[in-house]
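Since the structure comes first, as structure tokens, the remarks are kept for the end.
The values are calculated or read from the model by the stated rules, or taken from the named source; none is laboratory data. Keep in mind that what you see is a predicted model, and the values were worked out from it rather than measured. Cβ sites come from the backbone with ideal geometry, for glycine too, and all protein chains shown count toward neighbours.
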Amino acid sequence: MIRSSRILPALLLAAGMAVGPILAPPPAYAADEAGADAVAEKYAALLERDYVYPETGKRYAAAIRAGIAAGRYKALSGPALGEAIDADVNAVAPDGHLRLRAPEAAGVPAAAAAAPGGAAPVRRPPKVPVEQAGWIAPGIAFIRFNVFPQDAAVTTAAAKFMADHADAKAIIFDIRTHNGGGLDQMDVIFPWLFAEPTRLVTMATRASVDARGGSPIDGLASMRMAKGDAGMVAREHWATPNADTRLRDAKVYVLTSGASASAAEHFSLAMKHTGRGTLVGAPTAGANHFGTGEDLGGGYGAFIPVGRTYDPGTGKDWEGEGVLPDIAVAPADALVRVLTDLGVAPAEAKTLSDAHMPSWPMERRKPRGAR
């Protein structure tokens, strides 16, 4: 994982659901001028010091400090404060991971507190890391990942899935509702799929962050040092084959959507760049930058992007644009397309797709505070 204990909570934070427009804070919050400005200033200082692109980090900091000087944050707290700061940051340059996490009002979820009239958000069952793993049709294995978590049990389950389905003629990875995480599960999947050591993607951390031991990918066994751009420390993510050759020629499909974010996009680019997997669905979320979570005090937190992941051949990352599918179809139709391509009858493919439809949204999330 991308130094799991340091990066995962932040990536999950960044993948949270969007909330409503800026409103006055609910009565459960006590407006605290010094507290609001202190939270904003700490966020500004961290972005200025650590953001992956130094000049952009300075511009973010300047925008937040202008907000402090203008008194825009003084009467705000809770989600309303986060909404206001996010709006100022996104006005400088959108970033798919920049999102200030606000504390919840007494017993009221942040999304509900910020929604018009305090309306409750849509309630869904808790999102679990892995769903519906197994044989979806003869010779065809299926697994849905909603997140790549810091969880040894999930890593073990991913490894077991690969071993249990090592005789598959095709594997379908459904990441249409996958919001991020780290590398742990990827690093037990990839060794089954490649016949020789293979460079997957390159990850570059801001050099000043790396120098003080702040890189979330330093020390990972699947990483190799590489030559990078000035001011950055580059490492390449590699797949090292295991001894079992049964899946080397299996077809691999990856189902994508606008909700496939961060580590899900890393997985997608690795499959696409190497030509090992076929991406089917919609462009992914466009949230590229990796980083760490930071405590801003008062129950507030933020994700600070300190690096970027990119195609080692082109140098291009997916920020804003997303990873483009090889076969573009509506995400809801992606599984039908794959199953029919694999020889399943259309009617049966539709029935199987309906039975394996994700319960979470598959649309790209609008950044909170975006104007």
Contact list, first residue from segment 323-343 and assigned by TED's automatic domain parsing to the domain that holds T284, second anywhere and among the aromatic types (F, W, Y) and not in a strand (DSSP E or B), beta-carbon distance below 9 Å, six or more apart or interchain, is L324/W318
Given the structure, is D187 closer than 24 Å to T340 by Cα, surrounded by fewer than 23 Cβ atoms within 10 Å (Cβ to Cβ) and charged (D, E, K, R)? no
Restricting attention to segment 293-303, which residues are surrounded by fewer than 24 Cβ atoms within 10 Å (Cβ to Cβ) and touching an Asp or Glu at 6+ places or on another chain (Cβ under 9 Å)? E294, G298, G299, G301
Pair list, Cβ < 6 Å and 6+ apart or interchain, from segment 229-246 residues that are in the same structural domain as G214 (by TED's automatic domain parsing) and farther than 12 Å from I217 by Cβ to residues that are part of a strand (DSSP E or B) and of a type in the set (S, T, N, Q): A239/T198
Flagged in segment 160-179 as farther than 18 Å from Y253 by Cα and not charged (D, E, K, R), in numbering order, are N179
So L255, is it surrounded by 18 or more Cβ atoms within 10 Å (Cβ to Cβ), in contact with a Gly (Cβ under 9 Å, 6 or more places away or on another chain) and not hydroxyl-bearing (S, T, Y): yes
Could you please find all residues in segment 344-371 being surrounded by 14 or more Cβ atoms within 10 Å (Cβ to Cβ), of a type in the set (D, E, K, R) and in the same structural domain as G286 (by TED's automatic domain parsing)? K350
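Okay, residues lined up against (1) in the same structural domain as P305 (by TED's automatic domain parsing); (2) small (G, A, S); (3) within 21 Å of the chain's Cα centre (by Cα); (4) more than 24 Å from A259 (Cα to Cα):
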{"residue": "R49", "(1), (2), (3), (4)": "no, no, no, yes"}
{"residue": "V52", "(1), (2), (3), (4)": "no, no, yes, no"}
{"residue": "R59", "(1), (2), (3), (4)": "no, no, no, yes"}
{"residue": "A62", "(1), (2), (3), (4)": "no, yes, no, yes"}
{"residue": "G67", "(1), (2), (3), (4)": "no, yes, no, yes"}
{"residue": "R72", "(1), (2), (3), (4)": "no, no, no, yes"}
{"residue": "A87", "(1), (2), (3), (4)": "no, yes, yes, no"}
{"residue": "P94", "(1), (2), (3), (4)": "no, no, yes, no"}
Flag if V306 is of a type in the set (V, I, T) and either within 20 Å of I143 (Cβ to Cβ) or not assigned by TED's automatic domain parsing to the domain that holds V188 (or both): no
Report yes if G231 is surrounded by fewer than 18 Cβ atoms within 10 Å (Cβ to Cβ), at positive phi and either at pLDDT 95 or above or not aromatic (F, W, Y) (or both), otherwise no. yes
So A250, is it surrounded by fewer than 20 Cβ atoms within 10 Å (Cβ to Cβ) and either closer than 30 Å to E55 by Cβ or touching a residue at least 40 places away in the same chain (Cβ under 8 Å) (or both): yes
